[in-house]
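S.K.: Dropping a structure here in structure tokens format, bear with me for questions.
The values are calculated or read from the model by the stated rules, or taken from the named source; none is laboratory data. Only a predicted model underlies this, so the values are computations on that prediction, with no experimental measurement involved. Cβ atoms come from the backbone with ideal geometry, glycine included; neighbour counts cover every protein chain shown. In case anyone asks, the SASA skips ligands and DNA or RNA and just uses the protein heavy atoms, side chains included. Shrake-Rupley method; radii C 1.70, N 1.55, O 1.52, S 1.80 Å.
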2 protein chains.
Amino acid sequence: MKITVGVSNRHVHLTREDLQVLFGTDYELKKQKDLSQPGQFASTSVVTLKTNKNVIENVRILGPLRDYTQVEISKTDAYALGINPPVRNSGDLNLSESITLVGPKGELNLKEGCIIATRHIHILPEQIKQYNLEGKEKVSVRISGEKGGIIENVYLKPSNNTFLEMHLDTDDANAHLIKNGDIVEIL
Amino acid sequence: MKITVGVSNRHVHLTREDLQVLFGTDYELKKQKDLSQPGQFASTSVVTLKTNKNVIENVRILGPLRDYTQVEISKTDAYALGINPPVRNSGDLNLSESITLVGPKGELNLKEGCIIATRHIHILPEQIKQYNLEGKEKVSVRISGEKGGIIENVYLKPSNNTFLEMHLDTDDANAHLIKNGDIVEIL
């Protein structure tokens, strides 16, 4: 079974309340471009990630707003910032890493909310059935090429309104020399 | 067969002639610390990598001097610098990427010499025999953990004066959440 790769650079999801802390009251996200997942978009807004050790500027806010604030970075980013976020599925933020966000109108000290996102696949329930993946929580995926191999613990995220795509972070993509739109194989 | 991982950050090897261009006549590398491979060391000297797009500062020179000048970076570094180095074994520099090195006494425009190093294993000829790896040019290696998997195209580099160790770049290490000294398994 072949699947398209979407590479996720570091990014931030915000609640409305946290958006207002960073950008001011009545601020609204504006779409810069649509992402492959239905309704999701890269906004025109960016923040700075800040820790005691370092900052990373120009980190994109993705829309729409959510009911939790979440910062997704790579292990490479985590070393640069001197922090140790856990590998988690989106929204699973209990006891995740602390980080500070800096916007034009204010700072937000998150006690938790910073994670390294799990490798995952967005998939329709009928595709789960079609590809005989019923009952599986996660799969392994083969990546070909000079720095190819097999990546494990790729979580299936079935949803009724989704575009079939595997999401990897920039560390996984760069280690395997793959980029947005490349095709890989579910084992 | 278990093997220890050594993670290679971006670094530079220099000829004596190129050392003199960057640091001045009669300059000698001084050891900062020994590396695991016999006779190899991290020097106290650093240079800046420069391209049309960007710079990366404080890139370590490894010693001793060699009969070729070589810059080893990760794909993440390559994106930051806006260049496209090939994946190569050390010393295989024909038609590799261009890059500029900046030292305290001069600049060096390399027409070729910048690579992404292949995943490789330093191994004694008797260990090749002992572990039934005779005749193999490369192997696959299993990495366990939350972001584990199997990495392919790991080249065997047998030599009579070597310390058994697998060398990975920072992209491979960070993608798989492994660090210097971790243990992995040759398949």
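S.K.: For a quick check of your reading of the model, give me the residue pairs whose first member lies in region B:119-131 and is within 14 Å of chain A (Cβ to nearest Cβ) and closer than 22 Å to B:Leu35 by Cβ, whose second is not in a loop (DSSP other than H, G, I, E, B) and not hydrophobic (A, V, I, L, M, F, W, C), with beta-carbon atoms closer than 6 Å and at least 6 apart or on different chains.
M.R.: As it stands, the answer is B:His120/B:Tyr155; B:His120/B:Lys157; B:His120/B:His167, since those pairs meet every condition given.
S.K.: Here is a follow-up. When you go through B:Glu28, B:Glu57, B:Glu17, B:Glu72 one by one, which is the residue that is out of contact with any Pro (no Cβ under 8 Å at 6 or more places or on another chain) and buried (at least 21 other Cβ atoms within 10 Å of the Cβ)?
M.R.: Residue meeting the stated conditions: B:Glu72.
S.K.: B:Lys2 fails exactly one of the following numbered conditions: (1) over 29 Å from B:Gln127 (Cβ atoms); (2) more than 16 Å from the chain's Cα centre (by Cα). What is the number of that condition?
M.R.: Condition not satisfied by B:Lys2: (1).
S.K.: Among residues belonging to region B:158-185 that are more than 18 Å from A:Val87 (Cβ to Cβ) and free of Cβ contacts under 8 Å to residues at least 40 places away in the same chain, point out the one that is farthest from the other protein chains (Cβ to nearest Cβ).
M.R.: B:Asn160
S.K.: For the structure I just gave you, tell me whether B:Ala42 is at pLDDT 95 or above, in a strand (DSSP E or B) and open to solvent by less than 20 Å² (accessible area, probe 1.4 Å).
M.R.: Values: at pLDDT 95 or above: yes; in a strand (DSSP E or B): yes; open to solvent by less than 20 Å² (accessible area, probe 1.4 Å): yes.
Yes.
S.K.: Of all residues being within 19 Å of A:Leu93 (Cβ to Cβ) and in contact with a Gly (Cβ under 8 Å, 6 or more places away or on another chain) in region A:45-54, which is most open to solvent (accessible area, probe 1.4 Å)? Just the residue, please.
M.R.: In this case the residue turns out to be A:Thr51.
S.K.: So which of B:Lys157, B:Lys179 is of a type in the set (D, E, K, R) and under 23 Å from B:Pro125 (Cβ atoms)? Steps first, answer last, please.
M.R.: On the way: B:Lys179 fails: under 23 Å from B:Pro125 (Cβ atoms).
Checking each option against the conditions leaves just B:Lys157.
S.K.: Continuing with this model, one more query. For region A:105-131, which positions are in contact with a helix residue (DSSP H, G or I) (Cβ under 7 Å, 6 or more places away or on another chain) and of a type outside the set (A, V, I, L, M)?
M.R.: A:Lys105, A:Gly106, A:Arg119
S.K.: Something else about it: Report, by residue number, each residue of region B:106-115 that is more than 12 Å from B:Val12 (Cα to Cα) and either within 14 Å of chain A (Cβ to nearest Cβ) or not aliphatic (A, V, I, L, M) (or both).
M.R.: B:Gly106, B:Glu107, B:Asn109, B:Lys111, B:Glu112
S.K.: Right, something else. Show the residue pairs that are 6+ apart or on different chains and have beta-carbon atoms under 8 Å apart, the first residue being within region A:66-81 and closer than 18 Å to B:Glu146 by Cβ, the second being in a helix (DSSP H, G or I) and open to solvent by 10 Å² or more (accessible area, probe 1.4 Å).
M.R.: Close Cβ pairs satisfying both conditions: A:Ser74/A:Thr170; A:Ser74/B:Asn174; A:Lys75/B:Asn174; A:Thr76/A:Thr170; A:Thr76/B:Thr76; A:Thr76/B:Thr170; A:Thr76/B:Asn174; A:Tyr79/B:Asn174.
S.K.: Counting just the residues of region A:156-187 that are of a type in the set (D, E, K, R) and part of a loop (DSSP other than H, G, I, E, B), which one comes out most open to solvent (accessible area, probe 1.4 Å)?
M.R.: Only one residue tops the list, namely A:Lys179.
S.K.: When the residues of region B:146-155 are narrowed to those that are in a strand (DSSP E or B) and open to solvent by 20 Å² or more (accessible area, probe 1.4 Å), which ends up nearest to A:Val139 (Cα to Cα)?
M.R.: Of region B:146-155, the ones in a strand (DSSP E or B) are B:149-155.
Subset that is open to solvent by 20 Å² or more (accessible area, probe 1.4 Å): B:150, B:152-153, B:155.
Values: B:Ile150: 14, B:Glu152: 18, B:Asn153: 22, B:Tyr155: 27 Å.
For region B:146-155, the residue satisfying everything is B:Ile150.
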